[in-house]
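To keep things clear, I will list the structure first and then write my remarks on it.
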């Protein structure tokens, strides 16, 4: 059996592009929770 050493959560949003949007400036939300309970959000 494999031990899980971390939990990875990713969130991507989809929206209609606008003329003023910068195509090189995009983002997503991410959280990593380690087996120690320590969480990193970015």
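Things worth noting here:
- Flag for residue 27 being at pLDDT 80 or above and either over 18 Å from the mean Cα position of the chain (by Cα) or loosely packed, with under 10 Cβ neighbours inside 10 Å (or both): no
- The residues of segment 1-23 that are surrounded by 10 or more Cβ atoms within 10 Å (Cβ to Cβ) and in a loop (DSSP other than H, G, I, E, B) amount to a single one, 21.
- Boolean, residue 36 is modelled with pLDDT of 85 or more, loosely packed, with under 10 Cβ neighbours inside 10 Å and assigned to a loop (DSSP other than H, G, I, E, B): yes
The values are calculated or read from the model by the stated rules, or taken from the named source; none is laboratory data. Quick caveat: nothing in here was measured; it's all calculated off a predicted structure. A quick note on method: Cβ atoms are made from the backbone with ideal geometry, for glycine too, and the neighbour counts reach across all protein chains shown.
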